[in-house]
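Report on one structure; see the data block that follows.
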Amino acid sequence: MQTKIKNICCIGAGYVGGPTMAVIAKNCPNIAVNVVDVNQERINLWNSKNIDDIPIYEPGLHEIVKKCRGKNLNFSSDVKGCIKKADMIFISVNTPTKKKGIGAGKASDLKWVEVCAREVAQYSSGYTIVVEKSTLPVKTAEVIKNILEAAQIYPNTEHSVKFDVLSNPEFLAEGSAIKDLENPDRVLIGGENIEAMNALTNIYEKWVPKEKILHTNIWSSELAKLTANAFLAQRISSINSISALCEATGADVREVARAIGTDTRIGSKFLDSGPGFGGSCFKKDILNLVYLSNHYGLNEVANFWESVVTLNTWHQHRISQLIVKKLFGTITGKKICILGFSFKENTNDTRESAAITICKDLLEEGALLAIHDPKVERKQIEKDLSTKENPNIKFLESNMYKYSEGNWCYAEEINEAIQGSDAVIVLTGWGIYKNIDWGKVTKIIRRPAWVFDVRSILSKEDFEESDLNLWMIGDGSII
Ligand code: NAD
Ligand code: UGA
């Protein structure tokens, strides 16, 4: 028998729930897709009249939301009503690292997932397929199943219920989410009941070639997601560790990356050295893997993966330290221009952004930061730095010291951020930073000045007409 899905509910309207459901709605016009969230403010933004106000900036997302919203794609806070109507429910809620209690600092906090499972158990009716879309520790499906089974044993009086649980982790990367969803390398579906797995497969088959849809057992699927992120993050820590060695020896990390990346066994992707990986998932997922490994008594495995995170943290502070060193050992009262605050280009997400760590370090050293980002809002930066903005810094020309140390301001324009500063630091690889006229910058910056290209996106030739000192990550030839 084939289960035909007509109504989907996605719990969680975040960076995964929103784009993922938009792409399903676009490709499956006959399925009603309801995205629900307890955060009313977020839902209001998803329903904004002005499409530019939707809460997530992601290339291509606006167009899909514009096309499908109000047709087969709806955003609401009616969690109960939407669960009740759905024959397939995606759990796409946040799974951050636990802050306290057992496993604090490493294990995933599953309280939001558990709440969802209980709500599904309480409100759903008939046969429902529950899909884990959130990234979860191996064996979480067991917890969800236990909660759902309790609902089956004590069915509510109105109707009987039956569930199947699937794992369908999401591999999209922010900034390219729509591209990744429309043309994924693979779709992974883990489960026990082949009929339920086929019901989900049928949805993806509307736009994903069949051979890219992989079926595994549920535990492999859960573990594969954590492993994929750990392997990706491991490559970044590996190349960042080599960048430090390049700077010390005169080698150039781009050349080293090119040389090793042509080995087909290694491959060329994910070898860009930068300020250290950010984003909401790499650190939390590796720490989760560390916790699980320790839990199963595999301490060497845990230590191996933990070193990826340790290196990343060290690398971020290394960048802050070398900036201070280059600026004659002190940045107290100096204006420093920060270009880019999001954790990578093409997203407004700042979670775990390397810019947060580096800016905090520089503020601690007494710097006055002028921060520019084309998509991140000033209130988000204020939250991330836990320091109120001092907008007066932007009027600063020469009298640096009259402002108290360790302040920051938001700059709407790049030039406004650069004006009168001692250094410019490129922390996010936004395309607009590649077009800066460095010859003109020479005239508005305080010399001797440094440009720190921590993303390696600038070209050395553009500096030939300027008297600026250029530092590039991992470039031992210009140190
Ligand atoms: P997010 O914080 O942006 O969104 C989660 C949303 O769930 C929030 O809006 C929150 O209000 C809502 N929520 C929490 N509990 C709820 C409940 N009981 N009922 C209704 N809504 C509830 O998180 P995200 O970035 O979308 O990540 C979600 C999951 O997907 C995480 O497990 C993450 O690891 C995984 N993931 C994220 C990415 C990414 O690029 N961000 C990629 C792949 C996988
Ligand atoms: C990452 C994975 O790439 C996705 O497959 C996964 O679904 C997602 O995590 C998740 O589970 O949340 P994301 O964090 O959105 O996606 O973005 P990435 O492109 O992986 O970048 C992560 C960080 O690594 C960024 O700070 C980025 O600048 C940095 N990075 C990436 C480098 O420093 N060098 C590289 O070569 C690549």
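FYI, it's all coordinate maths here, none of it is from the lab. In this text, all values refer to a predicted model and were calculated from it rather than measured experimentally. Cβ sites come from the backbone with ideal geometry, for glycine too, and all protein chains shown count toward neighbours.
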In percent, what relative contact order does the range 30-135 have, based on Cα pairs under 8 Å that are 6 or more apart in sequence?
-> 28
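Using a simple charge model, +1 on the beta-carbon of Lys and Arg, -1 on the beta-carbon of Asp and Glu, nothing else, what dipole does the range 204-285 show about its Cα centre, in debye to the nearest 20?
Once rounded to the nearest 20, the dipole reads 280 debye.
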What value, in deg cm²/dmol to 500, does the helix sum -39500 (n - 2.57) over DSSP H runs of n ≥ 4 give at 222 nm once divided by the residues of the chain?
-> -12500 deg cm²/dmol
Cysteines without a disulfide-compatible neighbour (Cβ-Cβ under 4.7 Å), the chain | 10, 28, 68, 116, 246, 281, 337, 359, 409
Using a simple charge model, +1 on the beta-carbon of Lys and Arg, -1 on the beta-carbon of Asp and Glu, nothing else, what dipole does the chain show about its Cα centre, in debye to the nearest 20?
-> 740
Residues listed by number, the range 55-97, amide nitrogen under 12 Å from residue 40 label point at 7 Å toward C-beta | 77-78
Of the listed pairs 49/71; 360/434; 283/388, which have alpha-carbon separations greater than 19 Å here?
-> 360/434; 283/388
Which GluC sites (Glu not before Pro) does the range 114-208 hold that lie in a coil by DSSP with at most 11 other beta carbons within 10 Å?
-> 158
For the chain, what are the DSSP H helices with axial Cα length of 30 Å or more and mean Kyte-Doolittle hydropathy of at least -1.0?
-> 218-249, 299-326
For the pair residue 173 and residue 114, the simple spin-label estimate (label points 7 Å beyond Cα toward Cβ) gives in nm 3.5
Restricted to the range 4-128, the DSSP antiparallel beta bridge percent, nearest 5, is 5
Euclidean distance between Cα centres, the range 178-202 to the range 337-370, Å | 36
Label-point separation, residue 53 to residue 443 (7 Å along Cα→Cβ), nm = 4.0
In order over the range 442-447: 3J(HN,Hα) from phi, Karplus 6.51/-1.76/1.60, θ = phi - 60°, whole Hz, x for each Gly or Pro, gives 3, 7, 10, 9, 8, 9
By average Cβ neighbour count within 10 Å, what is the ranking of 428-435, 445-452 from highest down?
-> 445-452, 428-435
Distance check, please: which entries in 139/179; 85/162; 4/139 exceed 25 angstrom between their Cα atoms?
-> 139/179; 4/139
Among 425, 107, 337 - extreme Cα towards positive end, dipole of the chain, charges at beta-carbon | 107
Can you bin the range 122-214 into rounded, prolate or oblate? Criterion: square roots of the alpha carbon gyration tensor eigenvalues sorted a ≥ b ≥ c, rounded for a/c under 1.5, prolate for a/b above b/c, oblate for the rest.
-> prolate
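Could you tell me the calculated FRET efficiency between residue 264 and residue 2, based on Cβ-Cβ distance and R0 = 41 angstrom, to the nearest 0.05?
0.50
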Cut-off 13 Å between beta-carbons: net charge of the residues surrounding residue 136, Lys and Arg +1, Asp and Glu -1 | -1
In terms of the alpha carbon gyration tensor, root eigenvalues a ≥ b ≥ c, rounded if a/c is under 1.5 and otherwise prolate when a/b exceeds b/c or oblate, the chain is prolate
Please report 185, 53, 37, 462 as a ranked list, fewest other C-beta atoms within 10 angstrom at the top and most at the bottom.
-> 185, 53, 462, 37
Reachable aspartates and glutamates, given that their alpha-carbon falls under 14 Å from the alpha-carbon of residue 99 and they are not under 8 places away in the same chain = 109
C-alpha center-to-center spacing [the range 1-60, the range 268-298] in angstrom = 28
Given a cut-off of 24 Å, name the pairs among 133/379; 335/375; 111/344; 206/375; 269/440 whose C-alpha atoms lie farther apart than that in the structure shown.
-> 133/379; 111/344; 206/375; 269/440
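Take 68, 10 and order them by how many other Cβ atoms sit within 10 Å, fewest up front. Before the final figure, lay out the partial values.
Values: 68 20, 10 29.
Ascending Cβ contact count within 10 Å gives the list 68, 10.
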